[in-house]
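The values are calculated or read from the model by the stated rules, or taken from the named source; none is laboratory data. Source: prediction; values computed, not measured. Don't worry about glycine lacking a Cβ; one is built from the backbone with ideal geometry, like all the others, and counts go over all protein chains shown. Side chains are part of the model used for accessible areas, which takes the heavy atoms of the whole protein and leaves out ligands, DNA and RNA. Shrake-Rupley method; radii C 1.70, N 1.55, O 1.52, S 1.80 Å.
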Amino acid sequence: MSAKKKDKSSAETMVKKEREVSKAKLIPVHIMGKRYDVPEGLTLMKAMEYAGYKFIRGCGCRGGTCGACGTVYRKPGDYRLQVALACQKTIEPDMHITQIPFFPANRAHYEFADLTSAPEEVFKLYPELFRCVACNACTKACPQGIEVMDAVSALKQGNITVAAQIGFECIQCGLCTSRCFGELVQYHMFQLARRIYGARITPRAEHLIEMTKAIDEGRFDNTLEKLRHMSEEELKELYRKREEEPVTAGEDWRPKDKTYL
Amino acid sequence: MRLAYYPGCTLKTKARNLEEPAIASLEALGFELEEIPRWNCCGAVHSLADDDLIHQVAPVRNLIRVKEQGKDAVVTLCSFCFNTLKRANLLMKDDAEKRDTLNSFMDEEIDYSGEVRVLHLLEVLRDEIGWEALAQEVKFPLRNLKLAPYYGCTLLRPREVAIDSVENPTILREFLKALGATPVEFPESTRCCGSYQIVSSPDSISGYAWDILSSALSHGAEALVLTCPLCDYDLGQGQKELVKRHNGFKGMPLFYFTQLLALALGLDPQVCHFELNHGSPESLLRENGLLP
Ligand code: SF4
Ligand code: SF4
Ligand code: SF4
Ligand code: SF4
Ligand code: FES
């Protein structure tokens, strides 16, 4: 598809979408305490934009992975504070929402090269760890569904491995930190735990070391040299004729032609 | 037999020499300590302020984990954890108003009203196994070892949580007898070691430590037997200074009761992690032919 054509069609879908939005039923939401009527089906983020907010912060990937758009909300008749990523959650009638895109949290300074895998490293850098009272507010606040308190407990118990594993999917949105009774900075601690776990606790991949050594010793020099001298057509041909790994292939799948292995 | 087990943070870091010999010994005795899943620090002290409910959340949450497992009792090794958990448990059992507040605060958990029994390992040894049966399992009696049982506070006070007579406890004495050792009674065995005062007034702690150690010594003890990592810290870390200050004092080895249990049962001394003890308990054991 040519660039022009693509432009035109995406402009068309946009117009179409906007029409759909304008036809959609309007529902009331309260953004920072003020009521707006917005088309149903929007995400919290779109609803805020529809209401006139412009994001210069508090918005990044729009795909639920960057952690920039942490938001808290309440629904009528429910005392519980709820959390969401604004780019992921769809609005519901009468929600009260406020974004908490950033929450102050001090990150400890350290020279990573000097750190060992001893639990005391974490204790020293984040002594407030021991202020945790197990209130569990952090876990309730996590839009990623992480058992935040369990990871904090693991750190207290000196188990960096478990903390790193539980906290693996943390996207650093900061909502747990905003709710913490003990003023801990969970996401910075988890980042430290993951770093120590990755660099000091997980075993080195032997095959990787072997392979990089083999590369350094010139195992692929000839093959690369050959590719370098091929014409564009030859390269394309090679690419077209390549043997693809079937989607269902198991871990032990190997291509028939092993020249490049 | 499987026992729900609450370890506590310190046993996973500084006090592995309390935990590992216990796990190995119980296995040798046909019991399995089954660590409760997702436990958190118990908070280490029972809060005495009447309206300070937030500090009950941590211990109660652990008791809820035990209940979730379908267990009706939980065993601890650290006497501080024991005290904190048991007192929180009493509160949930006896104080309806606070129970309701705590249950509604923890609205993500199942309701709890003190159903779980909190036990210290010494109680399990006494009540589930019995001293005579324990004595029969002993492979290397700790003959000739003169050991002073030190209870400190948390196994015996307050009265409602005591595992034995508050005034005249005998449980550690009976335990040591079963292992073939010679228990040495001394008046300071239930005196406070100073607990967390070590943080704010280390000097007064060294005074307490001296009273306790010198009393045990003058009654003929060669070492002290403990159940608590905090007692171990308070009575152990200042000994170098006491040796300098008191002519003729050469320091006194401190043992966790679980280390002695493992030794007497004939387990590999490696599980005892003597390298984590204050002073050098190993030389005393070697002198008595209990270590190669
Ligand atoms: S652990 Fe905290 S910072 Fe990480 S995703 Fe959950 S709430 Fe956000
Ligand atoms: S919110 Fe803070 S104090 Fe509460 S459980 Fe989480 S880390 Fe602990
Ligand atoms: S009393 Fe001591 S060892 Fe026991 S959990 Fe609590 S802090 Fe940790
Ligand atoms: S729970 Fe809420 S109302 Fe109660 S003391 Fe804490 S902050 Fe205040
Ligand atoms: S914008 Fe990145 S997670 Fe929402």
Subject >> J(HN,Hα) series, segment A:161-169, from Karplus relation 6.51 cos²θ - 1.76 cosθ + 1.60, nearest Hz, glycine and proline x >> reply: 4, 5, 4, 5, 5, 5, x, 4, 9
Original post:
Counting partner chain Cβ atoms within 10 Å of every residue's Cβ in A:155-161, what's the average?
Top reply: 4
Original post:
Which percent of the accessible heavy-atom area of segment B:2-121 goes to carbon and sulfur, probe 1.4 angstrom?
Top reply: 49
Subject >> Estimated vicinal HN-Hα couplings, Hz - segment B:115-129 in sequence order (Karplus 6.51, -1.76, 1.60; Gly, Pro = x) >> reply: 6, 8, 8, 9, 10, 8, 3, 4, 5, 5, 4, 6, 8, 8, 9
Original post:
What residue among A:25, A:213, A:89 shows peak mean-square fluctuation when chain A is described by a Gaussian network model with Cα springs under 10 Å?
Top reply: A:213
**OP:** Within 10 Å of each Cβ in peptide B:7-16, how many partner chain Cβ atoms are there on average? Round it to a whole number, please.
**Re:** 3
**OP:** Take chain A, connect every pair of alpha-carbon atoms lying under 10 Å apart with a spring to form a Gaussian network, then pick out the residue of A:90, A:13, A:223 with the largest mean-square fluctuation.
**Re:** A:223
Subject >> Rh by Kirkwood over Cα pairs, then Stokes-Einstein D for segment A:117-208 at 0.890 mPa s and 25 °C, µm²/s >> reply: 187
Original post:
Percent antiparallel among DSSP beta bridges with both residues in the protein assembly as shown, to the nearest 5?
Top reply: 40
**OP:** Go through B:227, A:65 and list them by solvent-accessible area, largest first, probe radius 1.4 Å.
**Re:** A:65, B:227
Original post:
If you average over every viewing direction, what projected area does the convex hull of the Cα atoms of chain B give, in nm²?
Top reply: 14.7
Subject >> Sulfur and carbon atoms: percent of accessible area, chain A [1.4 Å] >> reply: 53
**OP:** Scan chain A and hand back the longest stretch that contains none of the chymotrypsin sites (Phe, Trp or Tyr not before Pro) lying in DSSP loops with at most 12 other Cβ atoms within 10 Å.
**Re:** A:80-252
**OP:** May I ask for the accessible area buried between chains B and A, both sides summed, probe 1.4 Å, to the nearest 100 Å²?
**Re:** 1400
**OP:** With springs connecting C-alpha atoms under 10 Å apart, model chain B as a Gaussian network and identify which of B:161, B:225, B:243 has the largest mean-square fluctuation.
**Re:** B:243
Original post:
Each residue of segment B:223-238 in order: what ³J(HN,Hα) in whole Hz does its phi give by Karplus 6.51 cos²θ - 1.76 cosθ + 1.60, θ = phi - 60°, with x for Gly and Pro?
Top reply: 7, 10, 10, 10, 10, 9, x, 6, 4, 4, 5, 5, 8, x, 5, x
Subject >> Threshold 30 Å² - residues in segment B:47-81 whose accessible area is reduced by that much or more when the chain is no longer isolated, probe 1.4 Å >> reply: B:54, B:61
Original post:
Once amide H atoms are placed 1.01 Å from N in the peptide plane, what residues at a sequence separation of 5 or more from residue A:41, or on another chain, have their amide H within under 5 Å of its amide H?
Top reply: A:91
Subject >> Heavy-atom surface of the protein assembly as shown, accessible at 1.4 Å and reported per residue (Å²) >> reply: 53
**OP:** Kindly tabulate the residues in segment B:85-118 with an accessible-area decrease of at least 10 Å² between the chain alone and the assembly of all protein chains, using a probe of 1.4 Å.
**Re:** B:105, B:107, B:108
Original post:
Tell me, which longest segment in chain A has none of the GluC sites (Glu not before Pro) that fall in DSSP loops with at most 11 further Cβ atoms within 10 Å?
Top reply: A:1-110
Subject >> Per-q log10 I(q)/I(0), chain A, q = 0.07, 0.10, 0.14, 0.16 Å⁻¹ (Debye; single scatterer per alpha-carbon; no solvent) >> reply: -0.45, -0.80, -1.01, -1.09
Original post:
the protein assembly as shown: Rg/Rh from Cα coordinates, Kirkwood Rh?
Top reply: 1.10
